[in-house]
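Here, each number is a calculation from the coordinates, and none is a lab measurement. Owing to the predicted nature of the structure, the values given are computational and were not obtained by experimental measurement. With ideal geometry, Cβ positions are generated from the backbone for all residues, glycine too; neighbour counts draw on all protein chains shown.
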Amino acid sequence: EKGGYDHFMLKEIFEQPQTIFDSLRGRLDAKNGTLTIGGIREHAEMLSKAKRIIIVACGTSWHAGLVAEYMIEELCRIPVEVEYASEFRYRNPVVGPGDVIIAVSQSGETADTLVAIESAKEKGAIILGVCNVVGSSIARLSDAGAYTHAGPEIGVASTKAFTAQLAVLCLIGLKVAIVKGSITKQRFQHLLDELDNIPEKVATVLKLNGRIKEIAAKYKDARDFLYLGRGYNFPVALEGALKLKEISYIHAEGYPAAEMKHGPIALVDENLPVVFVATHDSYYEKVVSNIQEIRARKGKVIAVITEGDQVIPGMADDIIEVPEADELVAPMLSVIPMQLLAYHIGVLKGFDVDKPRNLAKSVTVE
Ligand code: M6R
C-alpha cells in the first residue's frame, strides 16, 4: 500500500506531480485560455465584489492560506486576512453579510476550523470550502467551494494536500481576477501556462531527492534550524520549519527573512543551519542581502534557489536548485525540498515519520 516507498510520507511527496495535475484537471485549460471551477461558478461574480476575504485554517492549511493572501491581493485587489481558526472564533470577530470566508482544510474535520465557519455563517458570511475529503463536515457546511484532488493523505505531516491547496487557491484567485477584470488577459494566460507546467517541474525537483538526503545527513544533529523567505516564499519558510518540528523533533523557526534582524539574528552562530527559500522573484536582491547577514555571523546557509543562479552558490554552504517559475506558483516547487529535508532528517534520526509523537492526523478537538 506504500507503493514501494518506505513511508507514506515519501510516497505522498512523490505523488505531487500527479496530485497537482489532478487538482487542475478539468478546471484549467491553458491551451484555450479558460478556467472553470464548477463549485464556485455561481459565486464568482459575488466573490469579485467582495469587500474582503478572510481565510481561516490551521497548521499547514494556514500556510497555504498565507500564500493565497498574497495571490488574491495581487490578482484581485481584494483585501485578504488570514486567521488561525482557533483565534478567529474565540475573539468574537467583526464579520457579517458581504464577507467571504474561505476555509482551507485537508481533512475537512478540523474542529477549530469547523466551529469558526459555523459562527461566521450564522452571522451572514458566505463560506467557501477548500477541502480534500469529499463530504467532510467543513465541505458540507460550506455554501460553495472547490475540492483539492490530492487523494487520501495518510502521513500525519501534510505534504501533497498543501501543494493541491496552493493549486486550487491559485485557480480561485485567477477566476475571480478575470471576472473582476483586475488582471490583463496576458497575465491571466501567462499564469495559466505557468500552472500547467507545474506538475512537470515538481517532477524535476523530486529528482533532487538523493542530494537532499546528503544535506539531511550533514545537518541532522543540529539543535535548531532557522527557515527564512520573503514574499510568496515566506509561508514556505514557515511550512519548512513546521515540517522539521513535526517529523524530526528539531526546534525550528520560520521567519520573514527581513524580520530576522529584529531579533532572531541573535541566535545565529556557526552551529545554526539557516534554510533560505531564495528563488528568483521580486524579492531576490533583498534576500541575497539577508544571506550575507547570516554569513557574516557564520551561520550555515542552505539555499533553495532557481536553476542557473550565479550569485547565491558562491555564498551558500549547500544549494538546491529548482526550475524557474512565476513567483505566484513558485511555492509549489520550493516547498518540495522542505518536505524532503524534514523527511530525511526524521528517518536518519530513527523516528516514525508517518506517525510523529503527540500528533493526530486530524485534530477534532477544540
Ligand atoms: O485537515 P486540516 O488541513 O484542517 O489540518 C490542519 C492541521 O492540523 C494540519 O495541517 C497539521 O498542521 C499537519 N500535521 C501539518 O503537517
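If I take R0 = 35 Å and measure r between the Cβ atoms of Glu270 and Gln186 in this structure, what FRET efficiency does the formula 1/(1 + (r/R0)^6) give, to the nearest 0.05?
The formula returns an efficiency of 0.15 here.
Normalized C-alpha radius of gyration of the chain, against 2.2 N^0.38 Å?
The reported ratio for this selection is 0.95.
What are the membrane-span-like helices in the chain by this rule: whole DSSP H runs, Cα extent along the axis at least 24 Å, mean Kyte-Doolittle hydropathy at least 0.0?
59-76, 160-180, 331-348
Sort 277-284, 259-266, 315-322 by packing, meaning the average of other beta carbons within 10 Å per residue, with the highest value first.
277-284, 315-322, 259-266
Specify the inter-centroid distance of the range 273-287 and the range 110-185, based on alpha-carbon positions, in whole Å.
When both Cα centres are located, 28 Å separates them.
How big is the antiparallel share of DSSP beta bridges in the chain, given as a percent to the nearest 5?
Counting DSSP beta bridges with both partners in the chain, the antiparallel share is about 5 percent.
Hand me the trypsin sites (Lys or Arg not before Pro) from the range 319-366 located in a DSSP loop with no more than 12 other Cβ atoms within 10 Å, in residue order please.
Arg357
Let a ≥ b ≥ c be the square roots of the eigenvalues of the Cα gyration tensor of the range 304-343; is it rounded (a/c under 1.5), or, if not, prolate (a/b larger than b/c) or oblate?
Oblate shape, in that a/c is at least 1.5 and b/c is the bigger or equal ratio.
Quick check on the range 27-183: of the DSSP beta bridges with both residues there, what percent are antiparallel, nearest 5%?
Of all bridge pairs located within the range 27-183, approximately 10 percent are antiparallel.
Taking square-rooted eigenvalues a ≥ b ≥ c of the alpha carbon gyration tensor, is the range 59-102 rounded, prolate or oblate, where a/c under 1.5 means rounded and, failing that, a/b exceeding b/c means prolate?
Oblate, because a/c is 1.5 or more while a/b does not exceed b/c.
With the radius of gyration and the Kirkwood radius both derived from the Cα set of the range 256-365, what is their ratio Rg to Rh?
1.02
Based on the Cα atoms of the range 22-68, what semi-axes does the equivalent ellipsoid have, where each is the square root of 5 times one gyration tensor eigenvalue, given in whole Å with the largest first?
Over the Cα atoms of the range 22-68, the ellipsoid semi-axes are 23, 17, 9 Å.
Give me the distance in nm between label points sitting 7 Å out from Cα along the Cα-to-Cβ direction at Lys355 and Ser289, one decimal.
5.0
Per 0.36 nm of contour for each residue apart, how much would the distance between Lys31 and Glu1 grow if the chain were fully extended, relative to their Cα-Cα spacing?
Difference between extended and current length: 7.2 nm.
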